[in-house]
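Data block below; observations after.
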Amino acid sequence: MDVELPELDMVTGFVILLIIFLFTIFGYLAVSGLFTSVEVKTKEPTYGPLVIAYKTEIGPYRNAGELFTESYCLLPDREQIGIYYDDPEAVPENELRYAVGPILSNADEPPSTTEMEKMRANGFKIAHFPKSNYVVTATLPFRTTLSIYIAIYKAYPAMKAYILGKSLCAYPAIEIYGNGDIVFMMPLSQQDEFYVREFQEEEVSIATTDMGSVYNDNTDNESRDSKTPHMEERPRRDSSGFAIPFTPKKASGPVPEASKSLSVTEILEVARAERSRSPTREVRVSGGKKIDHSPERVVEDEEVVSLDTGETTPDDESSEGTASSFEDIGKDLEVDAEN
């Protein structure tokens, strides 16, 4: 006995296909890690010391995929690493620097001579990286090509917020593509040792580490050293929480005359002005203290004489002696000028 199935109209069939398609897309996104939460933490890394083969490029980070493809085709069984030295929010796109290649050795594992020679023959170079004491890290799934884009757009904002919130100094950005996971790391120590040779000379210009001092050019004083340390209390940071390198500041403003000869008359005028500014008026206050009319000066002295007596105080005598010494100097200069 044959059973007749009800015929489905076109609309019903379209709805069923649409539902299947949506479930397929949802499942693909879920597998790719779209709904995976990001957990950022500081811990001791499982990677390091490392021996890697690498090639460098300068330009947009999105072009790094070409180097990853080349490296993976040469050593498909090895984990791949990317080191990104510049913050794309602070550095022009055409100046971004990065290095990409396979990990030839991790921890105590000895590198393969055959693999090293193979990578050298294809234009790669060899670098040794230390094991950082601690890193800021996050791990996201790596199951599809879409996983790469999802992980990048989820991991970096979370890591930068974490670094800024805890006032840390972590750089450069490292991505390691393994079996099923993408590990994001930013070292908290020995950062300078993660720079490949091609970028070591330019490290100072892009360093994201805290800098305690910079140097100012003293172009107006040749008698001193050409550079003088200049200290900053706290490092400046960009919107992502990275420390911004300090820019050397040059001396500004008019340069004072190195020397100016004074006549005898001008020296005497200086002496009179100094005498007129001397603190000679005083007022007695409670507790045996006196206060003069110079800016915010209070001293204890029991030998203060009232203003009404017209007698001088020890401070008066000192100031008069100072003025007299200026007049004596002026007289000596007049004698020398006559001779």
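The values are calculated or read from the model by the stated rules, or taken from the named source; none is laboratory data. Just so it is clear, the model here is predicted, and its values are computed rather than measured. In this analysis, Cβ positions are derived from the backbone assuming ideal geometry, glycine residues included, and neighbour counts consider all displayed protein chains.
Look at region 10-32: where a residue is surrounded by 11 or more Cβ atoms within 10 Å (Cβ to Cβ) and a partner is part of a helix (DSSP H, G or I) and at pLDDT 90 or above, sitting 6+ places away or on another chain with Cβ atoms under 8 Å, you get Tyr28/Leu146; Leu29/Leu146; Ser32/Leu146; Ser32/Ser147; Ser32/Ile150.
Using the structure shown, decide if Ile58 is in the same structural domain as Phe124 (by TED's automatic domain parsing), at pLDDT 95 or above and within 17 Å of Tyr149 (Cα to Cα). Criteria not met by Ile58. Scanning region 145-170 for residues that are hydrophobic (A, V, I, L, M, F, W, C) and within 16 Å of Asp87 (Cα to Cα) yields Ile152, Ala155, Ala158, Met159, Ala161, Ile163, Leu164, Leu168, Cys169, Ala170. With the checklist (1) touching an Asp or Glu at 6+ places or on another chain (Cβ under 8 Å); (2) in contact (Cβ under 8 Å) with a residue 24 or more places away in the chain in hand, flag the one item Asn63 doesn't pass. It fails just one condition, (2). Regarding region 37-52, can at least one residue be identified that is in contact with an Asp or Glu (Cβ under 6 Å, 6 or more places away or on another chain), at pLDDT 95 or above and in the same structural domain as Ser112 (by TED's automatic domain parsing)? No, region 37-52 contains no residue that is in contact with an Asp or Glu (Cβ under 6 Å, 6 or more places away or on another chain), at pLDDT 95 or above and in the same structural domain as Ser112 (by TED's automatic domain parsing). A count restricted to region 136-153 and to residues that are part of a strand (DSSP E or B) and of a type in the set (Ser, Thr, Tyr) stands at 2. Selection over region 128-149 of residues that are among the hydrophobic types (A, V, I, L, M, F, W, C), surrounded by 21 or more Cβ atoms within 10 Å (Cβ to Cβ) and over 13 Å from Val183 (Cα atoms) gives a count of 1. Scanning region 167-189 for residues that are without any contact (Cβ under 8 Å) to a residue 40 or more places away in the chain and among the aliphatic types (A, V, I, L, M) yields one hit, Ala170. Before we move on, is Glu109 over 24 Å from Glu198 (Cα atoms), free of Cβ contacts under 8 Å to residues at least 60 places away in the same chain and in contact with a strand residue (DSSP E or B) (Cβ under 9 Å, 6 or more places away or on another chain)? So Glu109 fits the description; yes.
Inspection of region 131-145 identifies at least one residue that is over 22 Å from Gly65 (Cα atoms) and hydrophobic (A, V, I, L, M, F, W, C). Checked against the criterion of being modelled with pLDDT under 95, more than 26 Å from Val40 (Cβ to Cβ) and more than 20 Å from the chain's Cα centre (by Cα), the candidates Asn122, Asn63 yield just one match: Asn63. Only one entry of Lys160, Lys131 meets the criterion of being assigned by TED's automatic domain parsing to the domain that holds Tyr85, among the basic types (Lys, Arg) and either assigned to a helix (DSSP H, G or I) or without any contact (Cβ under 8 Å) to a residue 24 or more places away in the chain (or both), and that entry is Lys160. I want to confirm something. Restricting to region 122-162 and keeping residues that are among the hydroxyl-bearing types (Ser, Thr, Tyr) and in contact with a Ser or Thr (Cβ under 6 Å, 6 or more places away or on another chain), which single residue is farthest from Val196 (Cα to Cα)? It comes out as Thr144.
Looking across region 134-150, the residues that are under 18 Å from Ile25 (Cα atoms) and touching a residue at least 40 places away in the same chain (Cβ under 8 Å) come down to Pro141, Phe142, Arg143, Thr144, Leu146, Ser147, Ile150.
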